1. Round to the nearest 10 and give me the degree value, 0 to 90, for the angle of helix B:36-54's Cα axis relative to the longest principal axis of chain B.
2. Using 0.36 nm per residue of separation minus the Cα-Cα distance, give me the extension gain between residue B:250 and residue B:412 in nm, one decimal.
3. Quick check: pseudo-label points 7 Å beyond the Cα along Cα→Cβ at residue A:587 and residue B:423, how many nm apart are they?
4. Taking the simple approach of a point 7 Å from Cα along Cα-to-Cβ for both residue A:425 and residue A:205, what is their distance in nm?
5. Sort B:137, B:417 by Cβ crowding within 10 Å, fewest neighbours at the top.
6. For B:400, A:597, which order do you get if you count the other beta carbons within 10 Å of each Cβ and list the fewest first?
7. Given a Förster distance of 35 Å, report the FRET efficiency between residue B:336 and residue B:147 from their Cβ-Cβ distance, rounded to the nearest 0.05.
8. Could you work out the relative contact order of segment B:137-277, using alpha carbon pairs under 8 angstrom and six or more residues apart, expressed as a whole percent?
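None of the figures in this text is laboratory data; all of them are computed from the coordinates on show. Since we're looking at a predicted model, the values are computed, not measured. Methodologically, a virtual Cβ is constructed for each residue, glycine included, from the backbone with ideal geometry; neighbour enumeration extends over all protein chains shown.
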């Protein structure tokens, strides 16, 4: 099995893979050992792919050349594979194991007579894996890892469903989902661009290459992407790229604000706001941007004309824009967090975090939760719906210095003043996955679309590759600036890192950092004016409501647990419920004898009212688990302490408490 | 050193000329499409709201009858033609696309009770209160010709309804008796009787063509076979059924509109209990017609509103009403599955869209895909409380609203009473009776 660990086979393998996937014809490879090696050579992203390859070649073998002597080691290698497991792709491995088993038995398969509709349906439901006898469509199977990448989670098996009709319906539904996954995975082959790379020769390291060297060895267009803007006068700068990566906004502390199309180097506007500028941020389109100035936040258009002065946003230090929610999230010097809906100009939520000055803020792009870093080494996560942090993570023993979350919302990098850098799993809120000790304090962190991490330390920028899954020993690239770094950001859809510093702006070429293929319906660097207008309208129409900002954004597609039967039963219970008896004697106003009709009536009315109120209180507490008034109190309490989820907006609104 | 930096050739991404369409490269990478579920949910919410915005089902009004409209005739081939009869014995033929009356004549003295087309569509039969059955040509009479029936049959008893056989030259009438006539004979070829004094609706099965069903005033529904001598079976319900309609796709299923505000779908093979009870009307239901797909039907009644039910669902998917529409006497679902017609007491015939939010006219492919997409979204998120609430919401007339409220209270009260009775009596003495069984008295053979 030493062969398996040899990475040099990688090249051979990738060629195999290409023709296998690309040409649509099965390459004939006789040796199993090569096939197995194919999987191992690949980098981590493609780990899951090894089994299907094996399966594919095994299939060839099992059918054609059983008699070949080389294949004696066949079964042994399968066993070896079985023992090898990684937790991440566990399910896919298990699945493919089953398929291998199926294939081994299937060789004996003989076509049987018609067994009715049910059999056909079953066959349809599990139709993703092409059986060798099913040669009607000659589509090449999609590698498992690609399927796993596009997967929307495990489907429903339909075990608990009693009726045949609904079971079939569910199977059909699942088959549809699987089909869509397969189509999405299959469409990857159509992507026109490939990502950039930088490979060092024998005896060289990628770290040693300077920007000048890189720029001189790439084409002219790419070379223009490395440039410096020397702006010494207006002091420490901050920068921001627009969402499609085409436009750049810089703001100097001493009031200089400029917006430009950095690819063509065309200036959109340049103004001096005559006030201190703390942060700049593009809004949903490149015609508007927000600037956090000395006192308030201002919104300018791309001509530099002031559109709004938002006085509710006071002494803002950091701004982040949530493009799908149309929210401008800001953190202020006085500890206030606020979310401003810029489509309707309404303040969605504004409250004091009671965490002091908020000078570290970042956005989790996966769930739109705002993350703040604090001087106690804590990272807190906030949604506009809850005035308490959704989570608090103690990340360091020392004050935090910088904070970044990757584009898939999987990893969080934090750096503290003790020169440590830690990588956390942000979905599970666990970690640290990795822990590094840096040469200097990391004052800035930035993740690229493809997972590269840029670390700004004083006036040095270091870029690391694959530092989240496994420990990285040396930086991928390094660059030294003249002055201290203000902030930095990887340009979306480009191999570029923009760095704003005390002395202006520098654009660095980082090969392999940007996503090579954009989706024009999400963000398009080549957008025309009419396309921009259309997409603006569309995105406004599908604006996500701020109530949906939670730690898990997929809750809305989950199945709501309380079953129908429970609900119906609970309702029935409410209907035939006996309220606790009350001992009630109405006042004898008239002075007549007791036991008159009037008294009885009053009694009845009071009892009825009490019953109604009783039922109502039960209803308010939630129908599910109520049986007695003692229970309701406890249940209502437990409801209160549940974490806020997206589905909570459907609950009946609580009445405002008096006073 | 080997280096490659992302560098896109703008020629691949920009359109060549201004007349070209924009290039839209796609990438289905999940990380480029965040908030998938939430965005889909928002789209579904918008789609369902837009559906309610576009729900304008009223198409037009056919005005011309001098008295209340009593019955419709559905042409088997032509979509644009409608025949209607009224209380004053007048029959009108309408051109539906132009919403105009093309021909009218006085067919009977008193009510026109029923109209039925012959299978070839060249002629139609009308029956009236004057005990006559008349056959008319569909086409206009030639210039100078009189408006005359091609054939007249005189019945000995009162006639309340007529239905034509799907294939053969044979039709059935009902009244005191159920009679089967042949077109070229002046006497009925067959007469059925089952101790009933009057039948008020009769209907031939469109698939199992010899099967005939009639609603009787003794609260029963009777099934006949025209090849047989006597009736086959009948089912007696608690209140009488007003109108009956066969499912055009499933031979053994029919639905009847009942006086007790409900509609009942029966399987002819098992009349002991209906397949489904369709509840939503708040007054007696007097008219029903199936869609040609057999998946939906429309009903109208004394609550001055139309309701559209899906086959197999107990509650309606839509209600149509206008302020001026009075009690409905007849409804018709057009053969292209797109329109609904209703005739009412106040002399008007109204035309509605079958799906209220549907766009009429030709759809462009992009429109079609967008609609399909929003349909799929609505299905996916249909059970979310917000979305289902909006999709379900209908503005109903005040009288319907109050009647619904009243009926709800009545039902609740009955339920509670039954539950109390059950709780306080010996176990087993007060059995649970399903809604389906409640309304059936017995089945007779």
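1. Value to nearest ten degrees: 40.
2. 54.8 nm
3. In this crude label model, residue A:587 to residue B:423 measures out at 3.3 nm.
4. 3.1 nm
5. Starting with the residue having the fewest Cβ neighbours, the order is B:417, B:137.
6. Working: B:400 20, A:597 7.
With the sparsest Cβ surroundings first, the list reads A:597, B:400.
7. For R0 = 35 Å, the calculated efficiency reads 0.75.
8. Worked out over segment B:137-277, it gives 13 percent.
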